[in-house]
Amino acid sequence: MSNSQPIEVLFFASLCEQTGRDSATLDASLAATVADVWQQLCPTLDMPVNTLMAVNQINAKADSAVAGGDEVAFFPPVTGG
Amino acid sequence: MSNSQPIEVLFFASLCEQTGRDSATLDASLAATVADVWQQLCPTLDMPVNTLMAVNQINAKADSAVAGGDEVAFFPPVTGG
Amino acid sequence: MPTIISDAPLTAWQALAEHGKPHAASCGAAVSFVGVMRDSNNGRKIDKMFLEHYPGMTDQALADLATAAKAEYDIADVLLLHRVGEVRPGDELVVIGVWSPHRAAAFSACEWLIEQLKHRVPLWKKEFGPDGENWVVANTPGRVK
Amino acid sequence: MPTIISDAPLTAWQALAEHGKPHAASCGAAVSFVGVMRDSNNGRKIDKMFLEHYPGMTDQALADLATAAKAEYDIADVLLLHRVGEVRPGDELVVIGVWSPHRAAAFSACEWLIEQLKHRVPLWKKEFGPDGENWVVANTPGRVK
C-alpha cells in the first residue's frame, strides 16, 4: 500500500449515528494506527470502550498499524443471529 | 383385575425370534411376578440379562407383580431414533 | 405437542415448516433434529431396515417425552415424529422440533428429547444387507452431558 | 458449504430440505437452528428491525465459520443463511443446518456455529417499536458450555 492513497474509513450501526457519518477518508500521513484514525476523524468524541475495529476487513486493535489504501472500520459489539 | 382372565404376554424384536413367538397367554394362577411369566412360557430359555419388561405398558422389573388381565411385555434394549 | 408414529414416509422439513408457523412471532428459536437412515453402519452396507415398535406403549412414551420436555425446559412447543415399518436408505426415521423464545432452552430440549427417545421409547431396528440381517443392539452414543 | 447473506425473505425449512437431499443416505443426523424475529424483546413490543451488516467482511466471516466448523467437528456439510435489511416479526433471521453421519457432532457444530455467529460476525440489529428505536446492545445468552 502507498501513502499516496487515503485511508478509507467506515462506521457501522450505533457508531455511524454517534459519529454522524458512515464513511470518511483520511490522508494516510495523519495516522499510523487505528487509534490515530479515530482521533483524527472524531477529535471531540472518545471511542466507546467496547468499540470493535477492523483493518481491511480483518479484526484489529487500537494500536494496529494503518497505511494508505487501507480500509479501517469501527463498529459496536455484534448482535446478529 | 380378576384371576379368571389370562395374562396376555408379548415378545418384541430379538426376543420374539429367540422365544419363537410374538405373543402368548398364560393362566394367571401360574404366575405372581413378571419373572414367573417368563419361566412358565420359556422354561428352557434363560431370560437375556438386558431384557426390559413392562406390565400394562409401564416399565416393570422381574419381581413386579402380575395378575389376570395384565399385559406383560418382554423386549430388548431399545434402538429407535 | 403432536407426537406421531407413522408407517408412511415422513416429510420432516415440511412438517417442521407447517408446525412452526403459529410460533413465528413469539418463538425466536427453532431447533430441530432429523434422523435419517444411512446406507451403511459400522462399515457394513445396509439395504433396508425394519423398525418395530410396541403399539400403544410407544405412542404413550413419545407423548410422555414431549410433556416432560415442556415441564423441564422453557419451551413453547414440541413436534415429535417417528417412522416405523420397512425403511430404505435416505428415509427420515425421526423428527424432533422444539420452539422456544430463546435458543438455549431449544437446544437443550431437542438434544434431551433425542437422547431420551433413543434410550426409553420401545422401538427396535433390524438391518438387512448383503451380509444378512441383524437386530441393532446398541445406539450410537450422543454427547456426554 | 453455502453461506449466504440475503436482503430477501429466507425460506428456512425449504432451504434445509433442498440442501440436505444429497446427504440423505450418508448422514444420519441433520441438526438445524432457525432464528426468527419476535414481536417483543425484554417485554417491549417491536414492530420491525433493521439488520445492518458490513458487506464483504460479513460474507467472509460466515464462510470462515463454516470452514472452521468443518475442521473442528466430524460433519459433512453446513448451510448458513443470514437475513439483512428491514425485517418484521415472524421473519426468519438466521438458518444454520449441519449434516453429519452422527448426531453428537451435528449438535455440537450447530450450537457452536450460532454462538460464534452471534459473537463474531459483523451484524447489528436496530429495533423499532412504539417506544422508539434503539440498537440492540447485547445478545441473549446461549447455554454455558
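Every number in this text was worked out from the coordinates using simple rules, so none of it is lab data. These numbers come from a predicted model, not from an experiment. Note that we place each Cβ from the backbone using ideal geometry, even for glycine, and neighbour counts take in every protein chain shown.
Suppose we filter the range D:80-112 for residues that are within 11 Å of chain C (Cβ to nearest Cβ), closer than 22 Å to C:His23 by Cα and in a strand (DSSP E or B); how many remain?
Residues that pass the stated criteria total 6.
Checking D:Ile75 against (1) under 16 Å from the mean Cα position of the chain (by Cα); (2) buried (at least 24 other Cβ atoms within 10 Å of the Cβ): exactly one of these is not met. Which one?
(1)
If only one of D:Ser32, D:Ser26, D:Ser40 is in contact with a Lys or Arg (Cβ under 8 Å, 6 or more places away or on another chain) and polar (S, T, N, Q), which one is it? Lay out the reasoning, then the answer.
Details: D:Ser32 fails: in contact with a Lys or Arg (Cβ under 8 Å, 6 or more places away or on another chain); D:Ser40 fails: in contact with a Lys or Arg (Cβ under 8 Å, 6 or more places away or on another chain).
On inspection, the qualifying residue turns out to be D:Ser26.
Report yes if C:Leu10 is under 14 Å from the mean Cα position of the chain (by Cα), facing another protein chain (nearest Cβ under 8 Å) and either surrounded by fewer than 21 Cβ atoms within 10 Å (Cβ to Cβ) or not charged (D, E, K, R) (or both), otherwise no. Full working, then the answer.
Values: under 14 Å from the mean Cα position of the chain (by Cα): yes; facing another protein chain (nearest Cβ under 8 Å): no; either surrounded by fewer than 21 Cβ atoms within 10 Å (Cβ to Cβ) or not charged (D, E, K, R) (or both): yes.
No; evaluated as a whole, the condition is false for this residue.
Pull out all pairs, ordered by first then second residue, where Cβ-Cβ is under 8 Å, the residues are six or more apart or on different chains, the first lies in the range D:1-23 and is under 25 Å from D:Trp124 (Cα atoms) and in contact (Cβ under 8 Å) with a residue 60 or more places away in the chain, and the second is of a type in the set (Asp, Glu) and part of a helix (DSSP H, G or I).
Final answer for the pair search is D:Thr3/D:Asp59; D:Ile5/D:Asp59.
Which of the residues spanning the range A:48-81 are surrounded by fewer than 18 Cβ atoms within 10 Å (Cβ to Cβ), aliphatic (A, V, I, L, M) and more than 9 Å from chain D (Cβ to nearest Cβ)?
Those that are surrounded by fewer than 18 Cβ atoms within 10 Å (Cβ to Cβ), aliphatic (A, V, I, L, M) and more than 9 Å from chain D (Cβ to nearest Cβ): A:Val49, A:Ala62, A:Ala65, A:Ala67.
Exactly one condition in (1) surrounded by fewer than 17 Cβ atoms within 10 Å (Cβ to Cβ); (2) facing another protein chain (nearest Cβ under 9 Å); (3) more than 13 Å from the chain's Cα centre (by Cα) is not met by C:His119; state its number.
Of the numbered conditions (1) surrounded by fewer than 17 Cβ atoms within 10 Å (Cβ to Cβ); (2) facing another protein chain (nearest Cβ under 9 Å); (3) more than 13 Å from the chain's Cα centre (by Cα), the odd one out for C:His119 is (3).
Give me a count of the residues in the range B:9-66 that are in a helix (DSSP H, G or I) and either closer than 28 Å to C:Phe50 by Cα or touching a residue at least 24 places away in the same chain (Cβ under 8 Å) (or both).
Filtering the range B:9-66 for residues in a helix (DSSP H, G or I) gives B:13-19, B:28-30, B:34-41.
If we keep only those that are either closer than 28 Å to C:Phe50 by Cα or touching a residue at least 24 places away in the same chain (Cβ under 8 Å) (or both) as well, we get B:13-19, B:28-29, B:34-38, B:41.
Residues meeting the conditions: 15.
Which residue out of D:Asp39, D:Asp77 is among the acidic types (Asp, Glu) and more than 9 Å from chain C (Cβ to nearest Cβ)?
Residue meeting the stated conditions: D:Asp77.
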